[in-house]
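Visitor: Here it is: the structure, laid out below.
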Amino acid sequence: MTMDSKQNGDKKLPELETYTTTQKVTKTAVLVFTWLTIGLFNEITGPTQKDLIIKTNSDYELVSRAISGQSVGYFIGAIIGGPLIDKYEKWCDVTIAICLDFAAVAVFAAPYATNINILWALLAVAASFEGVVNIVGQRVLIQLWDKKATGPLHLLHFGFGMGSVLAPQIANPFLAVLAPSLENVTSTVMPNVSLVPNVLVTSIQNTTPLPRTNVTNTNTTVEYLKESRIETAYLIVAIVIASVSIVYYFYQFCSRHIMLTPEKEVDAEESNFRKVARLVDPATCANGDRWFGIQIFIVLFLCFFNIGGGDALYGKFIRSYSIDKHKFSGDDASLINTVYWISFAVGRFIGIFTGRFIPIRILLPVEVSGTLITGILLEIFAQENDLALWILTIMMGLCVGPIFPSGLGWANAHLEVTGVAITFIVMGMALGAMSYLWVIGYLYQHHGYDMFFHQNTFYGAIVLFFTIFMTVVVKLHRRKIKKEEKEIQMEHEKSETKVYVTTSVTNLIPDFKSDTSNALNGYYNTINSDIIEDTRL
C-alpha cells in the first residue's frame, strides 16, 4: 500500500465514526416524522375514496385503479432511488428534500382531477417522489444502526402508522355527508352511488345538480347536507409534506455531511456495463454467494409483493365496507378507519421492543400467523356483527402493522441491505399493492362486499407460506455452509497430519546420519592407525 492510499484511508476512517448516539437519535426522529408524512399521503385516499368516486363520476373499480397509481409511482421511485443512493450518498439529504417538495405539489393537485386517468397520473407522480424518499430514508437508517437496525426500523414505520392515524381525522371534516332520507332516517352516510341506477346527486345548500354525464333518467335524487371539500384535506397534507423538506435542506447545506460507508476503490478502466452489473449483482448482498442471493431475492420479492398488497387492502377499504355492509354512519366509518390505523401504529411501536428481545426468525412468523387467524375470525364472526368488526379490526391492525418492518429486519439479518436490495423489496411491495387494489376493486364492485374479507384471508395465508419458505431456504443454505466448513476443516486437519508426519520423519534423518557418520569415522580411524603401525614396522 502506498503512502497516499494510507493517508486517504486515515482521513476516511474518522469520518465513518463521527455520528454520536445523540446525532443518530436526532436523525432517526427526523426520518420518523418523514414517514409520518408518507403515511398521510398514502392513506388520505382511503377515507376520501367515496368522495373521489363523486368527483370523478366513477365507481369502486375505477377509483381503486386510480389509487393504485400510488403503487405504480412507488415502483418507479424504487427503481430510481436504489441506484441513486448507492452512487450519490453524499447528496441523500437534498434528494429527500426535493422529492418531498415535488410530491407535495402533486398531492395538492390530485383532488382537483375530475378524470380518472388524470387522478391516476397525479397520484403516481406524487408516489414516485415519495418512493425515492422511502428508499433513501431506509438506506440511511440501516447504515446508521447497522445490525441494531431492527428496532429503529419498527420505529421508522411506526411513523407511517401515525400518519395513517391522522389521515382519516384530517379528511373527516371535509367529506360529503348524505341528507337523511325516508328510507333510512338515521343514515348520514354516502351511498354507493355507482350501484344505484338513475341517481342524481344534489346538495341541500345548492339545488343545482352536479354534472353526471352517464345519467339520462333522473328518477331518484340524492341530497347532501354537506358537499365534498376534500381539496382542503389534501392541501393540509401537502403543506405538512413540504414543511419537512426544510429540515433536510438544513442537513445538506448547513450541517457537515458525514459519509456512512467507506468509498470503494473503482477501477477507472472498468466499463459502465460492468459497473451496473456489479451494482445489481445479488452476490454483492450475499457475501459473494450469487446463487443464494438469487434465491433469497426471489423469495423476498414474492413475500413483500403480498405484504404490500395486505398493507394497502384493509386500510383502503375498511371505511367503505363498514358503510356499505354494516351501514355505519360517516363519522363511525371514519372512526373505525382511525381505530385500525391506531392499532396498526401500536403494533409497530410494540415491534420496537419485541424486535429487540425476540429473534426475528420467530417474530415474523408469529405476526403473520396472527394476521391469518384474524382474517379467518373476520370471515366467521364479523360479516354481520358490528362489535366483532370493531374488535377484529383492532387485532388486524396489531398483526399487520409490524409485518413490513419485521420482514425488512429479517432481510437485514441475512443480507447486506444495499440501496438496490431495498429497491427490490419496495418494487415487490408496490406491485403487490397495485395488484391487490385492482383485484379488490373488481371483486368488491361486481361480486359483493364480503370479497373484502375473503381477500384478507388469502393475504394472511400466502404471506405465511412465503415466510415459511424463506426460513427453509435460509436453513438449507446454512446447512450447506456448515457442510462446506466441515469439509474444509477435515482437509485442513489432513494437511496438518501430513505436515506432522513429514516433520517427524525429517527429524529422524539427522540422527541417522550422525550415527552412521560416527561409525564410519571410527572405522576409518581404526584403518588409519593400522596403516601407521604397519609403516612403523
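The values are calculated or read from the model by the stated rules, or taken from the named source; none is laboratory data. All values reported here derive from a predicted model rather than from experimental measurement. Cβ placement follows ideal geometry from the backbone for every residue including glycine, while neighbour counts extend to all protein chains displayed. What goes into the accessible areas is simple: the full protein's heavy atoms, side chains included, and nothing from ligands, DNA or RNA. Shrake-Rupley method; radii C 1.70, N 1.55, O 1.52, S 1.80 Å.
Visitor: Using a 1.4 angstrom probe, figure out how much accessible area the stretch 64-187 has per residue, in square angstrom, rounded to the nearest whole. Write out the running numbers ahead of the final one.
Guide: Working: 4590 Å² over 124 residues.
Heavy-atom SASA per residue in the stretch 64-187 reads 37 Å².
Visitor: Projected onto the charge dipole of the stretch 287-436 (+1 at Lys/Arg Cβ, -1 at Asp/Glu Cβ, origin at the Cα centre), which of 351, 381, 421 gives the Cα projection farthest towards the positive end?
Guide: It is 421, whose Cα lies furthest towards the positive end.
Visitor: What span do the alpha-carbon atoms of the stretch 379-438 cover on each of the three principal axes, reported in whole Å from largest to smallest?
Guide: Reported extents, whole Å, longest axis first: 46, 27, 14.
Visitor: What FRET efficiency, computed as 1/(1 + (r/R0)^6) with R0 = 51 Å and r the Cβ-Cβ distance, is obtained for residue 416 and residue 442, rounded to the nearest 0.05?
Guide: 0.80
Visitor: On to the next question. In whole percent, how big is the carbon plus sulfur part of the accessible area of the stretch 418-481, probe 1.4 Å, protein atoms only?
Guide: Carbon and sulfur: 76 percent of the exposed surface of the stretch 418-481.
Visitor: How large a share of the accessible area of the stretch 85-135, in percent, is made up of carbon and sulfur atoms when the probe is 1.4 Å and the other protein chains stay in place?
Guide: 71
Visitor: Also, I was wondering about something else. Between residue 291 and residue 112, what is 0.36 nm times their sequence separation minus the Cα-Cα distance? Round to one decimal in nm.
Guide: Value of the extension gain: 59.5 nm.
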